[in-house]
Structures are given as structure tokens and as C-alpha cells.
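Following: one structure in C-alpha cells, then a few remarks.
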Amino acid sequence: MTGGETPDPFTTLGGLRVVEVAQNLAGPFCARILGDLGADVVKVEPPGGDAARGWGPPFHQGAGTIFAFANTGKRSVILDLDTEPGCRALTRLVETADVLVDALRPGALARRGFDDGTLEALNPRLVRVQVLAYGETGPLASLPGYEPLMQAHAGILAATGPRGGPPVRVGTSLVDMGTGMWGALAALAGLRERERTGRGLRLSTALFDTAAVWSGYHLLGAAGAGHVPEPMGTELPMICPYGTVPTADGQLMVSAGNDRLFLRLCEVLGLDDLAEDPRFATNPQRVALRDEVNRRVHEATGRHTAGALLELLREAGVPAAPIKDAGELVDDPQLRASGMLAETGAASGSPSCLGIPLPLRADGVRAPAHTRVPTAGEHTREVLEELGL
């Protein structure tokens, strides 16, 4: 590094190659994170392309938005792994790779001749990240898995939704994307271990394991105290008041997460008697009397408009937020200021120049956003020529 230069952590994986053999969201998101950190990601797609390309509408740059979100900045290669030429090309890719992200069903690569022993022989320095459904062991280890199945099985659906209502799927793919994050973390740990030993290793993560972690504090409560959470809408079982509150023209999300904030909330709402009542002095007491606390708070918030109440709460230091949908979020001043909806290129606002960067900053600088979504097989010839095929 020459004088005056600063390190760029978002190119820290520059010069490394990631080969992704994955479809849908979890595996591709894992590889996308590594690509955003500078790696050259070669995405191996089957004939016809990743099925997620067709998951829409909505579409972005001709692909379903799930695919577009998880695959920007990659090079796409079409290989038929049920043929000898396709496997020969994958062999060459593995020989040149630093990381292999495998999110196919368990044993799918092994049946095509790419078992652990073969992969290690082809490339002893290869870091292999397996993204599984139910993990390496257990009665369901051989089954495929999808986001809603994991939310259902791991207790997320049962704890989500309105009081007394049916189970509700969380409205984003938190299990898939969370598993992709764990996979990227595993890849970085594997690369660090390779620096120490000179050899690669196989790591794995699983959708079910991620869903269980996301249910972690509920799981502890059930296993240790026999407490099984029920759907509570926007509320949290262990804090009160915490959740949406009605106003004269809409709703707000409010979190009085400790006794001090509860007193501030009461002050804003003119609920001096509630603040002074010893029955509500501590959070466990308020949780036990949740319905009474909520009734009083909601009566008071309903006398304000949402905008006016939000301003009062923020001035008093009480955590509160408006409730926005994605369409409103697009033009949100905080989102724009954060750089989390990036626009690059000359045609500002065009779908071809929009991107979602990693939620990271280094010395105050936002990670750059890749905006280009590869077409299916767009880089097949380019990559095969690089491999001498």
C-alpha cells in the first residue's frame, strides 16, 4: 500500500473465485455477499436457468426480484451437470475456485462425481460451503426445504400474527437470507482457517438451524420455563408497552423498553396516574397487567394524529416509528440518506441502475452496490475460454 491509500474492506476478497452451484435464495445470497466483498462469483445454472428467474411479477431487469436481489454482480454460466461436458467444465471451475457454495439437495453433487474426497483431491485448498435444508443429521436431513416450511417447523409462524388468529408467515424471507449470511460467515471463517493450515475444509449451514436460532429466546423460554409464546400481533411477550398504537389517523409503532421510557411515554400522553401507580412500576408488573396498560395507552394515543404524536415521542426520547409499506419506503428520507437504495449510471431511477448494497460501512463509506443482473448463461463462453475449454 502506497502513502495516502486507505484499505478497502469491500474488495478484501478481490482475486478470489467463488463458484456457486445453487438456486432460489439462500445459496445465491451467500455467494452474493462474497461477491460484494470483492470475489469473482461464477454462478452455475442448469439449462433454462435458475428457477428463481421466473418468480414474479414483479420483475427487475427481466428477472424476478428475488433473483435480481440475490444475483447482482455475478457471472452466469449454463452447465448441464447430467452430461460429461458439463461435469468436465465444473471440474475445471472447482480446480480454480477458492470457495464452492453448494445449495443443491444433499448428495446431488456427489451423485455427479463430486463427493468430498473428489473435491478435496481436485483442489485441496477449496473451502466448501454447503447450504442445507434440515442439516447434516436427523430424520429429515434428506428432505428439501423452503422458507415457509422452516418458519412453520421452527415456531416462527406459531408466534406470528394477530392475537387469537391463525399462524402468519413473516412477510420477508428472513430464513433464506439469514442462512445465506451464516454461509458467508462460514466461508470467511474457512478462508481464515485455510490461511493457517494451507488446506480447505467443508462447512455447512441449514435453513432449519437458522430458523431455530431466530426462535432462540422463545426456544429457551419453552425449554427452560415451559413458556410457549402465542401470536401477539406487533407486541413482544416480555415487554409492555410495546407494539402498534392507534392514533386519530393511523398507527405508530412504540417501544417503551424499560421503566425510564415508560415514564417518559406516560408524561407525553398525560398519564401521570399510570406512571405513579405502584402496580405498573416495573416491566414484569406491566407485562402481567398488559391489557390494562394497553387500554390506557391506546385511549391516550388516539387523541393525537400520527405525525404529531411521532414528533412528541421522538422529542421525549421514546422509541417510535411510522408504519410504512415498501412503496412508501422507496421515497423515505432516511432510506435515501442511508444509501440503502442505490442508484448508479446516467439514467437515475431506471430499473437498470437500482441496487441494494450490503448493510455495511467502512470508515463511514457505504459498500458499493452491484446493479447488473446477469442473463442466464451470459458469461458461459467467457468463463469456459478462461478455463481453456
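Every number here is computed from the coordinates shown, using simple stated rules; none is lab data. For clarity, every value in this text was computed on a predicted model and none was experimentally measured. Quick reminder, even Gly has a Cβ in these numbers, built from the backbone with ideal geometry, and neighbours come from all protein chains shown.
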Next on the checklist: Just to be sure I understand the model, the point goes 7 Å from the Cα along the line to the Cβ. What's the resulting GLU382 to ALA248 distance in nm?
Outcome noted: 5.9 nm
Checklist entry - So who's got an amide H within less than 5 Å of the one on GLU45, skipping anything under 5 residues away but keeping other chains? H placed 1.01 Å off N, in plane. => result VAL77, ILE78, LEU79
Checklist entry - What distance in nm separates the simple spin-label points at GLU84 and ARG169, each placed 7 Å from Cα in the Cβ direction? => result 4.3 nm
Checklist entry - How do HIS227, HIS370 line up, fewest other C-beta atoms within 10 Å first? => result HIS227, HIS370
Checklist entry - Given the chain, what percent of its DSSP beta bridges are antiparallel, to the nearest 5? => result 40 percent
Checklist entry - Using Cα atoms only, what is the angle between the long axis of helix 306-316 and the major principal axis of the chain, expressed in degrees (0 to 90) to the nearest 10? => result 90 degrees
Checklist entry - Looking only at VAL213, VAL101, VAL41, which one moves most when the chain is put into a Gaussian network model with springs between Cα atoms under 10 Å? => result VAL213
Checklist outcome for this item: Helix 259-269: inclination vs the chain longest Cα principal axis, degrees, rounded to 10, gives 60 degrees
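Suppose only helical runs count, i.e. DSSP H with n ≥ 4. What mean residue ellipticity at 222 nm does that imply for the chain under -39500 (n - 2.57) per run, divided by all residues and rounded to the nearest 500 deg cm²/dmol?
Computed ellipticity for the chain at 222 nm equals -11000 deg cm²/dmol.
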Checklist outcome for this item: The extension gain from GLU267 to GLU195, computed as 0.36 nm times the residue separation minus the Cα-Cα distance, is 20.2 nm
Checklist outcome for this item: Between the alpha carbon centres of segment 52-122 and segment 175-242 the gap in Å comes to 25 Å
